[in-house]
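In what follows, a single structure is set out as C-alpha cells and then discussed.
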Amino acid sequence: MAQKSSALRSRSRFLRKNRIKPRIPASRAKLLFALAAAMLAFFALIVQLFSVSIINGKTWTEKAMRQWSRTTYLKADRGKITDRDGTVLASSYTTYQVCVNPQNIQVDDRERIANVLSTYLEMDYDTVLAKMSKTRIKRGTQNNETPTYELLSQVKIKDQVDKEVISQLNAMQLGTGVSYYADVKRDYPESGYYGQLLGFTNVDGDGQTGVELTYNSYLSGTDGYMKTDTDRDNNPVPGGEEEYILPIAGGDVTLTTNTGLQAILENALQEACTVNNANNAYGILLSPQTGEIYAVGSYPTFDSSNPPRSDAKVLLELSKNRIVTDTYEPGSTFKVVTLSAALETGAVNPNTMFKCTGSLLVKGEKIKCWKSGGHGTETLTEAVANSCNPAFMSMALRMGLDTFYDYIYAFGFNDTTGSGIMGETSGTVTHKKYIRDADLARIGFGQSISCTGMQLAMAFTAAINGGELLKPYIVSEITDSNGNVVLQNGRTVVRRVISPTTSGLVRTMLQNVVENGSGKNAQVYGYSVGGKTGTSQKYEEDGSVSSSRLIASFIGFAPVNDPQFVCLIVVDEPKVPSVYGSTVAAPFVQQVLASSLSMMGVTPDKSNRSATVPNVVNMTVGEAVRALKDAGLTATYLESEENSLVTAQAPRSNVTVVRGSNVVLYSNGYSFFNSETVEETEYVVVPDVVNKGLEDRIMARDRLEAAGLVIDYDPEACVGYAVSQSYPAGQKVPRGTVVFITFAVKE
C-alpha cells in the first residue's frame, strides 16, 4: 500500500507539472473579439454623443437652425437730432439695398442686367458683371473629389439706394434676378452747418463722430428680426413657423443750439479765417446764465451728408470741434481770471495804482510789457483797459502762488467742463512745485498755462454772471421712442468762485475795455458790451517759441448789466501784418453779438450815436480811409498799404455800428508778419546731466535750476543716476521749460 500511495503521488506530481491546458475554440475567440470591439465602438459613440449633445450642443443646434430657418434682421429707426426750437438737424429715411440673384439670371441676360444696374446705380459695368458671376464650391463636394462650382444665390450690389432709383429699376423688368431690401440712410437737412457738432454715421447707421457717436446708444435703438422655417434651398416652408420681433426705434436728442445763431457764428468764423488767411478759426456762443450752448463750431468744416471719407487724415482734422479739443496759451483773455481773483482776495481794489515802465523785474528776470516804453502811472481800470502786463504780473505776485493757484483751479482750469461735446481735453496747469516767481508772473497775463476755448469761456462766464462756475451743456434732453424723457440737462452750478460784488466790478471794467480800451472793435450799436482781447504765441516742434505763429482771440458779452450772450472767437495763425485780438477776432465777435442780440429780441440798453459802414472794397486804402471818416468811422490799416486795393473789410458794408468805431481794412499790399507783436522771450541752453559722470537726482536738479530750467521725473523711479533727458544738451529752450529726467541704478 505504501508503494502504491507513493506511486500515485509521483504520478500526480507528474501530471501537475506536465498538464495540458484546455483550448478555446476559434469561433468563441472571434466572438469575444467582436464583443470587445463593439463595446469599444459603443464607448466611443457615447463619448461622441456626449461631445455633440452636451459639450458642443449649442454650436450644432445653431448650425442646424441656420440650415432650417432664415433670419432677416429689421433695422431700427435711428432717432432724430433737433435744435432747441424743433428744427430737424439729423433724421433717417428709408432707402434700399440692391442685390442680384445669379442663379436666377439666364447667361444670355447677364450683360443686359449688368448694363441697366451700372447705369442707374452709377457703378462700373465690369464690377457689376463680376459680382453677378461670383461662384463657390458646390455643396456636397468631398475633399478627394475634383471641386465643382456653382453661382452664389445672392450678392449685394449697392447700399442706400433712393426710392426713385428703385422705381426706375422696377420699370426695366429685371425679373427675379434682382432683389431689393429696405435700408436706412441718415439725412442732415442743415448740412451747411453743424459739421463737427453733429458728426456723421457709417453705412450701417452707427455714429462715427460728434453727437452721433457720443449719444449713439440713445439714438441707435434696438434692431428686430423675422425668423422663417426654410427648406434646403433656403425657400420658406409652407405652413412653417415664423418668429417676428419688432425693432425698437432710437431716442430723439434735443440740442440746446439755435440754428439761426449757429449760422451767425459759423459765417463769422468762415469770414474771420478767410480774411485773416488763418489756419482755422473756432468759437462758441452760450448763455452765461444757464450754461446752455447756443452755437459752436470750427472752420474749415465739412458737410455731414457727404464727409470726405477718402482721406482719413483730412477727415480727422475737419471733425475736431476745436473749442474742446485744441489747447493754447490764452494770453490776455486769461487776465479776466487774474483780475477776478485779485479783486476777490483784496490783493487789489478799484483805487489801486500801478506804474508801468515797459517791463517788470522779477527775481532778476526782466519781463516786458507788450507796449514798448510802458503805460506809465495807471489806475486798475486803466490797467485792465490797457491790458498792461506788468500790472497783471503784480496782481499775481501779490496774491502769491498758493492763493492764485486755488483760484485757477476754482475757475475750472486743469479739468474738463463736461460739456457733452466729443473729444474734450483738460489743458495743462503746471504743478505749483515747479513754479518760480517769474513763472507765476507770466501766468498772471496768460502765459505758461494752457487751456481749451471751452474752459476759458466758462471761467469768463463765472467772472461776469455773478460769480458762479456753471457746467456747460449741449444736449437739452433725450426722449425714447414713446416720448418718455430718459435724460435731461439744466442749469448746474459747479461752485461759487467769486462774490456778486466782485463780478459786478469785473463787468464794469470789461465794459471800459470795449468802450475805451483795446476792445473798441467789439462795440455793438444800442447795447453795452464788455470783453477782453488776447494774443498768444505758439511753439515750434523743438519746443522753442515761434516768432511768427500766433493765436488771436476775443471774448465778449452783452448786455453788461444783464448778460445774455458770451461769445469767444479764436483765430489760429492769422497771416496778416498786425496780429492782435482787437483787429483779428474782435470785429467778428461784434458781428456775432450784434446779430444774436437783434435776432433774439434782446432789448437795447444803451443810447449812442450810430453810423452805417460804407462799402470800401476795391477802393485804395487811402480812399477807403477818407470814405470811412466821412461816415463817422475810423480805419485800422498800415500806412504802407495806402496805395493798395482793399480786398475785404470788417465789419461788412451796410452794417449799423457805433459812431467812431474802427473798420479793419484788408488789402493786397501787406507783408504777412510784424515781429513787434511778439513778446521777447529769454532762451537758455539745456545742460548735459547724463554724461557728466554719475549725476543723481539732487545734482541733476541743481544743474537744471542753475540754467533756469525745471526738473521733472517719475517719483516712483527716481533712484540711481540720470540716464536720459527729454531735451538734448546744448538745445536752446525758453527759460522755465520743464526737462524730464529718467533715473536708473547702474550696474
re region 334-483: pairs of Cα atoms spaced beyond 22 Å account for a percent value of 44 percent
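Given a Förster distance of 30 angstrom, what is the FRET efficiency for residue 738 paired with residue 372, based on the Cβ-Cβ distance and rounded to 0.05? Could the numbers behind the result be given before it?
Values: r = 30 Å, r/R0 = 1.00.
The formula returns an efficiency of 0.50 here.
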Placing one equal point scatterer on each C-alpha of the chain and summing with Debye, one gets log10 I(q)/I(0) at q = 0.06, 0.07, 0.10 Å⁻¹ equal to -0.55, -0.68, -1.05
Rounded to the nearest 10 degrees, the helix 57-68 long axis (Cα) sits at an angle to the longest Cα principal axis of the chain of 90 degrees
Residue separation between residue 562 and residue 279 times 0.36 nm, minus their alpha-carbon distance, gives in nm 98.4 nm
Once amide hydrogens are built 1.01 Å from N within the peptide plane, the residues lying 5 or more places from residue 184 or on another chain with amide H under 5 Å from its amide H are 95
Between residue 356 and residues 5 or more places away or on another chain, the pairs with built amide H atoms under 5 Å apart involve 375, 376, 377, 378
Computed, not fitted: 222 nm per-residue ellipticity of the chain from DSSP H runs ≥ 4 (each -39500 (n - 2.57)), nearest 500, equal to -9500 deg cm²/dmol
Taking the alpha-carbon centre of each part, the distance from region 319-378 to region 151-178 in Å is 67 Å
If amide H atoms are modeled at 1.01 Å from N in the peptide plane, then the residues at a separation of 5 or more from residue 201, or on another chain, having amide H under 5 Å from its own are 208
Set 313/335; 313/471; 368/606; 75/471; 75/131, cut-off 30 Å on Cα-Cα distance; pairs above it are 313/335; 313/471; 368/606; 75/471
Computed over the chain: longest principal axis from alpha-carbon atoms vs helix 110-120 long axis, angle to nearest 10 degrees, is 20 degrees
For region 194-211, in residue order, the Karplus 3J(HN,Hα) values (coefficients 6.51, -1.76, 1.60; θ = phi - 60°; whole Hz; Gly and Pro = x) are 6, x, 5, 5, 6, x, 7, 10, 8, 5, 8, x, 9, x, 10, 8, x, 4
Taking alpha-carbon centroids only, region 455-471 lies from region 627-652 a number of Å equal to 36 Å
For region 565-608, the Kirkwood Rh over every pair of distinct alpha carbons, in Å, works out to 12.1 Å
Placing each pseudo-label 7 Å from Cα in the direction of the beta carbon, residue 623 and residue 313 end up separated by a distance in nanometres of 4.5 nm
For region 514-574, listing GluC sites (Glu not before Pro) in a DSSP loop whose Cβ sees at most 12 other Cβ atoms within 10 Å gives 540, 541
In whole Hz, the Karplus estimates of ³J(HN,Hα) for region 86-97 (6.51, -1.76, 1.60; θ = phi - 60°; x where Gly or Pro) are x, 5, 6, 9, 8, 8, 10, 9, 6, 10, 9, 9
Helix 2-17 sits off the longest principal axis of the Cα atoms of the chain, rounded to the nearest 10 on a 0 to 90 degree scale, by 40 degrees
P(r) over all Cα-Cα pairs of region 275-378, 5 Å bins from 0 to the longest distance, whole percent per bin, short to long, reads 2, 8, 11, 14, 16, 10, 10, 12, 7, 5, 4, 1, 0
Rounded to whole Å, √(5λ) for the Cα gyration tensor eigenvalues of region 613-655, largest first, gives 15, 11, 8
Scaled by the rule-of-thumb 2.2 N^0.38 Å, the alpha carbon Rg for region 259-608 gives a ratio of 0.96
For the residue 87, residue 107 Cβ pair and Förster radius 51 Å, calculated FRET efficiency rounded to 0.05 is 0.45
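Would you work out the charge dipole size for the chain about its Cα centre, treating the Cβ of every Lys and Arg as +1 and the Cβ of every Asp and Glu as -1, and quote it to the nearest 20 debye?
Details: 71 positive and 76 negative charges, 1083 e Å.
Roughly 5200 debye for the chain.
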Label model pair residue 659, residue 163: point-to-point distance (7 angstrom along the Cα→beta-carbon line) in nm is 6.0 nm
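Every read-out reported here was derived from the displayed coordinates using simple, explicitly stated rules and does not represent laboratory data. Keep in mind that this is a model prediction, so the values were computed, not measured. Heads up, the Cβs are rebuilt from the backbone with ideal geometry, glycines too, and the neighbour counts pull from every protein chain shown.
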